[in-house]
Amino acid sequence: MDNNNNNNNNNPSQTLGSNGLIQKNEFIRIILQSLYSLGYTKTASSLELESGVSYKSKEFQLLESHVFNGNWDDCVVFLNSIRDLLGESLEPALFLVFRQCVMEYLNRGEITLALDVLRKRVSSLPVDRCKVHSLANALLCLNDGDVVCDLRGKLLVDLEKILPPPVSVPDGRLEHLVETTVTAWVDSCLYHSSANPISLYEDHHCGRDQFPTTTTQILTGHKNEVWFVQFSNNGEYLASSSNDCTAIIWKVQEDGKLTLKHTLCGHQRAVSFVAWSPDDTKLLTCGNIEVLKLWDVETGTCKHTFGNDGFVVSSCAWFPNSTQFVCGSFDPEKGICMWDCDGNELRAWRGMRMPKVVDLTVTPDGEYLISIFLDKEIRILHLGTNAERVISEEHPITSISVSGDGKFFIVNLNSQEIHMWDVSGTWKKPSRYTGHKQCKYVIRSCFGGSDSTFIASGSENSEVYIWNTRSSKPIEVLSGHSLTVNCVSWNPKRPKMLASASDDHTIRIWGPSLLKRMQLE
């Protein structure tokens, strides 16, 4: 039997492409498979006729003939004759053929023959015993109404999926090749931040002029150091908090400009951070060694105050339902507690073993509570099972941030490094990012871009640093602030918009240089 996959009279070595790396015969077969899978049967048939190339190899056509004619012994002999071509797929293919043979014997009432094949031929194959047992059980439930030709058609589909090339073309081969190319484009694109579909008409490349590297607006609503900024989940608002004892809600307009919506007054001390509810209707603001306040975003009114003077809250995070949140405290006696929006304590983690909480976050799906304890310890708690994993860092941690998909988190260390860990716990070592300055102050970083591709961080040298998560060195260093940059936030719905908060009393909005030129024009 000739095992070469020559389906036409063309020279099989004929190649395509400028470098001659693509075999024409294989190229046409892959196109044919795609046409058939898309339902363009007539077009595929015309291409086979005109090119002289058949989608199905000679080997598969012969196997197909044996299957449709029910020549099971011939199937087995043929498969064994091309065992060198089939490799590890030989036994699974034989199992499928024997399975079909057994089912047809049973359909005809030839139970003795069916059992003989099952015991002598199927059982001798080096396949998973569970498959053999499943086959035996399935035979007991066989539907007499199953049409033989339909079952044989399904057998051919199954064989086509497991037989290797060139006997069979791997399923979805053209789509796989294109997706591999597109993925390679994205992986090699340092500035890729677009959520739009990538065009196949030309090689993909995002220019630096499409990346947030230029100050497009300076917000001066605060009268003292700005400690925290965070965009809302829908990207329509920005909240900021300051040493001037206020928080501000800014509205992101259609043209990308931000305008002041509400100034939230009521704290007696500096407001250290804010947290948006997942539905963006509520905002939590935390005073420095002071109370926690819940605000209505639309009206700007305070709906509830949690705690009293001297109440020490280090951080808080919402659960997905937007009605419950957790707070961590520097005071070990208070630990971590879960509240609802009316101030009812629902759950608490406190006691003698509970150290002070530096920062915490909840994954977007609400499954994990990730906390920073005693400066250097990361605890990842699965809230459903109470299973806990601990990561120990060598240097003090100042803040934590989780990716939009909840798969990763980053921590800022005062050793001038940012570490990225996976939530599931498969990584033994973190990805490390360096270049920024952090020794004395709390610096906060964030994920950004359409798929959390980037990390942005403030710095004590008054600059903003941006990394592609695949590289430890920054791809951009943004200058503009005059004092320490405490916090950054990337707009989750506008991947080309970034905000930074600084001790210079300002918030800077960063956008593409192309956008800035358009505004000037």
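The values are calculated or read from the model by the stated rules, or taken from the named source; none is laboratory data. All values reported here derive from a predicted model rather than from experimental measurement. FYI the Cβ positions are ideal-geometry reconstructions off the backbone, even for glycines, and counts take in every protein chain you see. These accessible areas exclude ligands, DNA and RNA; they are computed on the full protein's heavy atoms, side chains included. Shrake-Rupley method; radii C 1.70, N 1.55, O 1.52, S 1.80 Å.
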Which angle from 0 to 90°, rounded to the nearest 10, does the C-alpha axis of helix 41-51 make with the longest principal axis of the chain? 60 degrees
Return the long-range amide H neighbours of MET497 (sequence gap of 5 or more, or a different chain), with a cut-off of under 5 Å between placed amide H atoms. ASN491
Is the C-alpha gyration tensor of the stretch 251-376 telling us rounded, prolate or oblate? Criteria: a/c under 1.5 is rounded; beyond that, a/b larger than b/c is prolate, otherwise oblate. prolate
Which listed residue (TRP318, LEU32, VAL477) has the Cα farthest towards the positive end of the charge dipole for the chain, taking +1 on Lys and Arg C-beta and -1 on Asp and Glu C-beta about the Cα centre? VAL477
Hull shadow area, averaged, the stretch 50-101 [alpha-carbon convex hull, nm²]: 4.1 nm²
Once ligands and nucleic acids are excluded and a 1.4 Å probe is used, how much of ILE198 is accessible, expressed in Å² to the nearest 10? 40 Å²
Under the Karplus curve 6.51 cos²θ - 1.76 cosθ + 1.60, θ = phi - 60°, whole-Hz ³J(HN,Hα) for the stretch 199-209, x wherever Gly or Pro sits: 6, 8, 6, 8, 4, 7, 7, 8, x, 4, 6
May I have the extent of the alpha carbons of the stretch 365-521 along their three principal axes, as whole Å values ordered from largest to smallest? 57, 32, 27
Expressed as a percent, the accessible surface of the chain that is carbon or sulfur, using a 1.4 Å probe and the full set of protein chains, is 51 percent
On a straight-distance basis, which aspartates and glutamates could pair with LYS42 in a cross-link, Cα separation under 18 angstrom, same-chain partners fewer than 8 positions away excluded? GLU50
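Can you quote the Å³ per residue value for the convex hull of the Cα atoms in the stretch 439-521, rounded to an integer?
Numbers: hull volume 8.2 nm³, N = 83.
So the per-residue hull volume is 99 Å³.
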For the stretch 184-295, with the dipole built from +1 on Lys and Arg beta-carbon atoms and -1 on Asp and Glu ones, taken about the Cα centre, which of PRO212, ALA195, PHE228 lies farthest toward the positive end? PHE228
How tilted is helix 90-107 with respect to the longest principal axis of the chain? Cα atoms for both, answer in degrees (0 to 90, nearest 10). 70 degrees
Magnitude of the charge dipole, the chain, Cβ model with Lys/Arg +1 and Asp/Glu -1, debye to 20: 760 debye
Place a point 7 Å from the Cα of LYS429 in the direction of its beta carbon; the residues of the stretch 456-481 whose amide N falls under 14 Å from it are 472
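What whole-number value in Å² describes the accessible area per residue of the chain for a 1.4 Å probe? Can you show the working numbers first?
Numbers: 25190 Å² over 521 residues.
Result: 48 Å² per residue.
Viscosity 1.567 mPa s, temperature 4 °C: what is the translational diffusion coefficient of the stretch 325-427 from Stokes-Einstein with a Kirkwood Rh over Cα pairs, rounded to a whole number of µm²/s?
Working: Rh = 14.0 Å.
D = 92 µm²/s.
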Options ASN491, HIS505, TYR105, ranked by Cα towards positive dipole end of the chain, top entry (Cβ charges): HIS505
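For THR323, THR469, write out the residues from largest to smallest accessible area, computed with a 1.4 angstrom probe and no ligands counted.
Numbers: THR323 70, THR469 35 Å².
Largest accessible area first, the list is THR323, THR469.
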For a quick check of understanding: with a 1.4 angstrom probe and all protein chains in place, what accessible area in square angstrom does TRP185 have, to the nearest ten? 40 Å²
With N set to the residue count of the stretch 426-474, report its C-alpha Rg divided by 2.2 N^0.38 Å to two decimal places. 1.18
Accessible area, 1.4 Å probe, largest first: how do SER81, SER445 sort? SER81, SER445
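At a Förster radius of 56 Å, what calculated FRET efficiency corresponds to the Cβ-Cβ distance of THR183 and ASN308, to the nearest 0.05?
Calculated transfer efficiency: 0.55.
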Given Cβ point charges of +1 (Lys, Arg) and -1 (Asp, Glu) and nothing else, what value in debye, to the nearest 20, does the dipole of the stretch 418-521 about its Cα centre take? 280 debye
For the stretch 82-128, with only Lys/Arg (+1) and Asp/Glu (-1) charged at the beta-carbon, what is the dipole magnitude about the Cα centre, in debye rounded to 20? 180 debye
Peptides ranked, highest mean first, by Cβ atoms within 10 Å: ranges 457-465, 84-92: 457-465, 84-92
At R0 = 51 Å the Cβ-Cβ FRET efficiency linking GLU91 and ASN321, nearest 0.05, sits at 0.50
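Compute the length gained on full extension between ASP296 and THR259: take 0.36 nm times their separation in residues and subtract their Cα-Cα distance, giving the result in nm to one decimal.
11.5 nm
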Express in nm, to one decimal, how much length is gained between LEU47 and ARG269 on full extension, taking 0.36 nm for each residue of separation and deducting their alpha carbon distance. 72.3 nm
Are any of the pairs LYS303/LYS437; LYS261/LYS496; LYS293/LYS496 more than 28 Å apart by Cα-Cα distance, and if so, which? LYS303/LYS437; LYS293/LYS496
Loop-only check: which trypsin sites (Lys or Arg not before Pro) in the stretch 288-395 are DSSP coil with at most 12 other Cβ within 10 angstrom? ARG353
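Rank these by accessible area, largest first, 1.4 Å probe: CYS245, CYS337. Numbers along the way, then the final one.
Values: CYS245 35, CYS337 10 Å².
Highest to lowest solvent-accessible surface, that is CYS245, CYS337.
When the Cα atoms of the stretch 345-398 are enclosed in a convex hull and the volume is divided per residue, what value in Å³ results? Display every interim value, and only then the final one.
Numbers: hull volume 5.3 nm³, N = 54.
Per-residue hull volume (Cα only) is 98 Å³.
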So what's the angle, to the nearest 10 degrees on a 0 to 90 scale, between helix 58-68 and the longest Cα principal axis of the chain? 70 degrees
Mind jotting down the distance between the C-alpha centroids of the stretch 252-268 and the stretch 280-329, whole Å? 18 Å
Alpha-carbon Rg/Rh ratio, for the stretch 190-254, with Rh computed the Kirkwood way: 1.13
For CYS206 and LEU383 in the same chain, what is the full-extension length gain: residue separation times 0.36 nm, less their Cα-Cα distance, in nm? 59.7 nm
Return the Cα extents of the chain along principal axes one, two and three, sorted largest first, each rounded to a whole Å. 88, 59, 43
